[in-house]
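Below is one structure, written out as structure tokens, with a few remarks after it.
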Amino acid sequence: MNKYFFTIACLVAAQASFAQTSYSINDVIQMAINQSPMSRQAQTLKETSYWQYVAYKTNYNPQLRLSGNSPYSSGYSNTLQNDGSYAYRLATNFTPSMNLGLQQPIPWTGGLISVNTNYSYINSKLPNSLQNYEGWQSGLYNIQLTQPVFSYNQLRWDKKTKPIVYEESKRQYFQNIEAISQEAASRFFDVLTYQVNEQIAKFNLANNDTIYKIEQGRYNIGTTSQDKLLQVELQLLKSRQDVAQANLDLQTARLRLRSYLGIKDGEIFSLKLPEETPLFELTEEEALTHAKNNRSDYIAFERRRLENESNVAFAKGQRYQASISASYGLNNSAGIISDLYRTPSQQQFGMISFNIPVIDWGRRRALMQTAYANKKLNDYIIAQDEVNFEQEVITQVKQFELLRLQIEITRKSDAVALERYIVAQNRYLIGKIDITNLNIALNEKDNAKRNYIQALKAFWTAYYNLRRLTLYDFATGKALYQSNTP
């Protein structure tokens, strides 16, 4: 190894030993999943969806409710007189009441049945008068039924759609994690690209410094011209500028990666080049099967269809509005609370209410036709979305093998370009080629290395995008989502 290569080797070794910590692509992705702000957002969305689902389930359970109020008033009020007439009198009234009720929705019909007991008290005083009324009233128990007729049943439709929404949210969480992995891989290669650019810039600086000294020696003995010496000196100055710019770019890229990963300290780190890529067989049919079984989009298509049907049912329920209400119980009134339970009276109530348009100039029909038209339009949109998603999966599969081939080509090109540069450098040292041809070989070597890094970036981002599209790890042969996942 000649003096030139010894200098370059020392420079590369010094660069490798400078970094305190070295991360692989798997390290960076795992940090993104464990601690990045985006990962915490995904986890929070998952928790929110879970509690929304829990809240939905409680709509079908009985609810025990205690309600009450204690109004107090003092002033002039319209007061009933002994002769049956009314007059404004200054009075003080205290009329608290309380109700305890057990309510149970009826999901099959949309009705509500409840059992209630209530108490109310009144204390009314007239100033400067011996008139004072105090008494109790109670509905000892009361069974009530309220049943809408021909109306939209929200509970029935929620029972169809809400479990799908929850299942959709669970799968969406894993898709978000794979999207985070994809973005972390992309940022990993952004930093790696600038890291390689810095290494190339320092390599070129050492190379141009050596070449300048060689050309200076040749100029001193008269074997080269001043024009070539100035050209080499200019190239050396540009190399120094490139090193400074590459260092600034690398620091900026590291800062962006730290921000994405949620790293708050200023640790200096380097990244390892992922030379090996996962190997697996991949077909369009297999990828589509996993996508349909695992992705949230496919159950979202069913959920959207149900929501369209729900909107039509809601429009139908607005045409005629009718309800049946009935109640039965015992009530009583007494001067003291203990007398409320003596010989209570029956309390019965029944009512049928309806609201039917007689002449609405086609308004109800127009609303119905609008609902049907929106359903038809949304069905077309859903069908097109299914086609688009399948096409996205197929396109990614087709590109995947091409990306794998591109890695092999650029890896070979990188090795060939490096070997060609070594040959050109040796020929330059013995004066067989000029500085221009040596720089051409140097640029080809640098571009080949950058192309190899970009090919690796395209492969790894496509790999995690494929995992996101299918929720399946083809490298291990395991699904990323299980149906029993909480």
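Say the cut-off is 21 Å between C-alpha atoms; which of Lys412/Lys457; Lys202/Lys457; Lys170/Lys457; Lys170/Lys376; Lys272/Lys449; Lys170/Lys316 go over it?
Lys202/Lys457; Lys170/Lys457; Lys170/Lys376; Lys170/Lys316
Taking the simple approach of a point 7 Å from Cα along Cα-to-Cβ for both Asp385 and Glu307, what is their distance in nm?
A separation of 0.7 nm, rounded to one decimal place.
Express in whole angstrom the spacing between the alpha-carbon centres of the stretch 25-41 and the stretch 62-107.
Centre-to-centre (Cα) distance: 59 Å.
For helix 154-221, report the angle its Cα long axis makes with the longest principal axis of the Cα atoms of the chain; keep it between 0 and 90° and round to the nearest 10°.
Tilt of helix 154-221: around 20 degrees.
Could you line up Thr277, Thr395, Thr224, Thr470 from fewest to most neighbouring Cβ atoms inside 10 Å? Walk me through the numbers before you get to the answer.
On the way: Thr277 15, Thr395 12, Thr224 19, Thr470 27.
Neighbour counts put them in this order, fewest first: Thr395, Thr277, Thr224, Thr470.
Cross-link list Lys159/Lys375; Lys159/Lys398; Lys46/Lys160; Lys160/Lys292; Lys213/Lys445: which exceed 32 angstrom alpha carbon to alpha carbon?
Too far apart for the 32 Å limit: Lys159/Lys398.
For Thr95 and Phe280, FRET efficiency with R0 = 56 Å and r from the beta-carbon atoms, rounded to 0.05?
On the way: r = 77 Å, r/R0 = 1.38.
Efficiency for this residue pair is about 0.15.
List the chymotrypsin sites (Phe, Trp or Tyr not before Pro) within the stretch 407-461 that DSSP assigns to loop and that have no more than 13 neighbouring Cβ atoms inside 10 Å.
Counting only loop positions with at most 13 other Cβ atoms within 10 Å, none of the chymotrypsin sites (Phe, Trp or Tyr not before Pro) in the stretch 407-461 qualifies.
In degrees between 0 and 90, to the nearest 10, how far off the longest principal axis of the chain does helix 284-294 point, with axes built from Cα atoms?
Orientation of helix 284-294: about 40 degrees from the principal axis.
What angle, in degrees between 0 and 90 and rounded to the nearest 10, separates the Cα long axis of helix 296-317 from the longest principal axis of the Cα atoms of the chain?
30
Taking only DSSP H segments of four or more residues, each worth -39500 (n - 2.57), what value at 222 nm results for the chain once the sum is divided by all its residues, to the nearest 500 deg cm²/dmol?
My calculation for the chain gives -21500 deg cm²/dmol from helical runs alone.
Set the Förster radius R0 to 25 Å, insert the Cβ-Cβ distance between Ile352 and Leu112 as r into 1/(1 + (r/R0)^6), and round the FRET efficiency to 0.05.
After rounding to 0.05, the efficiency reads 0.95.
What full-extension length gain, to one decimal in nm, is calculated for Asp209 and Asn447 as 0.36 nm per residue of separation minus the Cα-Cα distance?
Taking Asp209 through Asn447 to full extension adds about 83.6 nm, to one decimal.
By how many nm would the segment from Leu402 to Leu429 grow when fully extended, if each residue of separation counts as 0.36 nm and the alpha-carbon distance is taken off?
Result: 5.7 nm gained on full extension.
Read through the labelled values [x] -0.23, -0.32; [y] -0.58, -0.68; [z] -0.32, -0.44 and report the label of the one computed as log10 I(q)/I(0) by the Debye sum over Cα atoms at q = 0.06, 0.07 Å⁻¹ from the structure.
[y]
In what order do Lys449, Lys264 fall by count of nearby beta-carbon atoms within 10 Å, going from fewest to most? Don't skip to the answer; put the middle values down first.
Working: Lys449 21, Lys264 8.
By the 10 Å Cβ count, ascending: Lys264, Lys449.
Go ahead and run the numbers for FRET between Thr289 and Ala366, Cβ-Cβ distance against an R0 of 35 Å, rounding to 0.05. Could you put the intermediate results ahead of the total?
On the way: r = 44 Å, r/R0 = 1.26.
Working from the Cβ atoms, E equals 0.20.
Run the simple label-point estimate for Thr48 and Phe150 please: 7 Å along Cα→C-beta, distance reported in nm.
That separation, rounded to one decimal, is 4.0 nm.
With each pseudo-label sitting 7 Å past Cα toward Cβ, what's the Val416-Arg342 distance in nm, one decimal?
Label at Val416, label at Arg342, 11.2 nm between them.
Which far-off residues, 5 or more places away or on another chain, put their amide H under 5 Å from the one on Tyr141, with H placed in the peptide plane?
Excluding prolines and chain starts, which carry no amide H, the hits are Leu330.
In what sequence do Arg256, Arg342 fall when counting other Cβ within 10 Å, fewest first?
Arg342, Arg256
I'd like the distance separating the alpha-carbon centroids of the stretch 285-315 and the stretch 361-375, in whole Å.
Going from one Cα centre to the other spans 25 Å.
Values in this text are rule-based calculations from the coordinates and carry no lab data. Computed from a predicted structure; not experimentally measured. Note that each Cβ is placed from the backbone with ideal geometry, even for glycine, and that neighbours are counted across all protein chains shown.
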